[in-house]
Amino acid sequence: MEKKDFSPSESISCQRQLDEEQRSFLGSYPELEIVHYKGKTIILLGTAHISRQSVDAVQAIVSTIKPDAVAVELCPSRYRSLFDEDHWEKMNIFQVLREGKATMLLANLVLSSFQRRIGKSLGVKPGQEMVEAIRAANQCDARFILADREVQLTLKRAWGQASLWDKMRLLSVLMGSLFSNEELTERDLERMRSQDVLSEMLEEFSRHFPRLKSTLIDERDQYLAKKIVESPGDIIVAVIGAGHRQGIQRLIETSRVQEVSFDDLNRSPKPSKVLKGIKYIIPLIVVGIITYGFFYSSAEASWTMIQLWILVNGVLAAAFVAAALPHPLTVLAAFVAAPLTSLNPTIAAGWVAGLTEAWLRKPKVGDFMSLSNDIVSVRGFWKNGITKILLVVVFANVGSSLGTFIGIPVIASLLR
């Protein structure tokens, strides 16, 4: 293993510093860097989120150094998912649907599914190094800091910055990952043992979706760096994904971390004026085409347009929803709702279809209890009552959107 030598900075003076024995011990870990900031000694430990080696390193470093604080790359909701085994049972699926959070929750579950499947191959529970960091911190009476931004806000900001085309592509990539049955080779497993798989995946997303890079990577580097330097004490161990280490290190060493504002990073994105305008323009276009057909073509042509609009929009929404294998009445609800909700900017077809499925097949306690295990497989996603509702919501919205974009030129073609 590569050996590193760390020399103390002459400009640093604090009440507590690392001794030579501790520095020598840390030098045997090439995955960490030591930086200084306003009298604090900060040990940036880059981990692979699915790696037994990272778990062992965290335990050894925290127990040996006995820092004043341990900052971990977790947000409150991810912390609850790791330490509160019953957290899913407390979720109100109806509230999730009413607040329009179904797509964000499904995306979060798909990402968790990816990590759990890889973790199963490696024999390590995803996020285990974060759990070990918190346990080790408690054992040596150190404070532990949840240093990451709330995952739902990160996803929401990323979704808000994505174009309509990017959103469609992103959904297809996420859903496609569920069906991936690619076998991992020994080389793949070895690489994943030593790398931060989640950060690597986010980097890959950023290459394909450059608009999302600032939200998924850069903003989180800033948020993590700010939280780390504000952690209490003289010596801080920061347990972070390897993909974030260099970005955080640059922010601290150049003191640009001082310019970071939590208010800016925690601000919910404003709805796109373009997309908001489209929601109101589309109904006007559809109504305008049908009205024009009535006055300048014939009442019969206008009625045919209405029928085609209902048929195209309803059939596509119902077909997509049917793919989730819901209750038959949910498919019917999607068919009826899509042509109407496409003309109403305040209601989505997915909202109607999702609530219908939730009402007809109320999630059972077992669905909540088995959710963590069910999301590991495609069959589990389609079997679990909660994920089935989320799939219904997303599929209905996708089908209705396609029906709208196809339906407008179809009805316009009847104009003479």
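The values are calculated or read from the model by the stated rules, or taken from the named source; none is laboratory data. It should be emphasised that the depicted structure is a prediction, and the values quoted were computed from it without experimental measurement. Every residue, glycine as well, gets a Cβ built from its backbone with ideal geometry; the counts of neighbours run over all protein chains shown. These accessible areas exclude ligands, DNA and RNA; they are computed on the full protein's heavy atoms, side chains included. Shrake-Rupley method; radii C 1.70, N 1.55, O 1.52, S 1.80 Å.
May I ask you to compute the full-extension gain from residue 63 to residue 307, defined as 0.36 nm times their residue separation minus their alpha-carbon distance, rounded to one decimal in nm?
Here the answer is 80.8 nm.
Non-local amide H neighbours of residue 41 (under 5 Å, H modeled in plane, Pro and chain starts lacking H): which ones?
235, 236
Can you give me the distance in nm between label points at residue 143 and residue 379, each placed 7 Å from the Cα along the Cα-to-Cβ direction?
4.9
Using protein chains only and a probe of 1.4 angstrom, how many square angstrom of residue 303 are accessible, to the nearest 10?
Its heavy atoms expose roughly 140 Å² to the probe.
What order do you get for 342-355, 284-297 when each peptide is scored by the mean count of other beta carbon atoms within 10 Å, highest first?
Top of the packing list down: 342-355, 284-297.
For the pair residue 165/residue 332, report the inter-label distance in nm, with labels modelled 7 Å from Cα in the Cβ direction.
Here the answer is 4.1 nm between the modelled labels.
Along the stretch 340-348, what does the Karplus equation 6.51 cos²θ - 1.76 cosθ + 1.60 (θ = phi - 60°) give for ³J(HN,Hα), rounded to whole Hz, x for Gly and Pro?
Couplings: 7, 5, 5, 9, 10, x, 8, 10, 10 Hz.
Assuming R0 = 56 Å, what is the FRET efficiency of residue 150 and residue 300, from their Cβ-Cβ distance, to the nearest 0.05?
E between residue 150 and residue 300, to the nearest 0.05, is 0.55.
Once phi is turned into ³J(HN,Hα) by the Karplus curve 6.51 cos²θ - 1.76 cosθ + 1.60 with θ = phi - 60°, what whole-Hz value does each residue of the stretch 227-233 show in order, with x for glycine and proline?
Each residue's phi maps through the Karplus curve to give 5, 5, 5, 8, 5, x, x Hz.
Can you tell me the FRET efficiency between residue 413 and residue 273 if r is taken as the Cβ-Cβ distance and R0 is 41 Å, rounded to the nearest 0.05?
Given R0 = 41 Å and the Cβ-Cβ separation, E is 0.85.
What are the ³J(HN,Hα) values, in whole Hz, obtained from phi via the Karplus relation 6.51 cos²θ - 1.76 cosθ + 1.60 with θ = phi - 60°, for each residue of the stretch 72-78 in sequence order, with x given for Gly and Pro?
Values per residue, Gly and Pro as x: 10, 7, 9, 9, x, 5, 5 Hz.
Per residue, how large is the accessible surface of the stretch 279-329? Use a 1.4 angstrom probe and give square angstrom.
On a per-residue basis, the stretch 279-329 sits at 58 Å².
Round to a whole number: what % of the accessible area of the stretch 261-416 belongs to carbon and sulfur, probe 1.4 Å?
70
Could you compute the FRET efficiency for residue 25 and residue 256, with r as their C-beta to C-beta distance and R0 at 35 Å, rounded to 0.05?
Efficiency at R0 = 35 Å is approximately 0.70.
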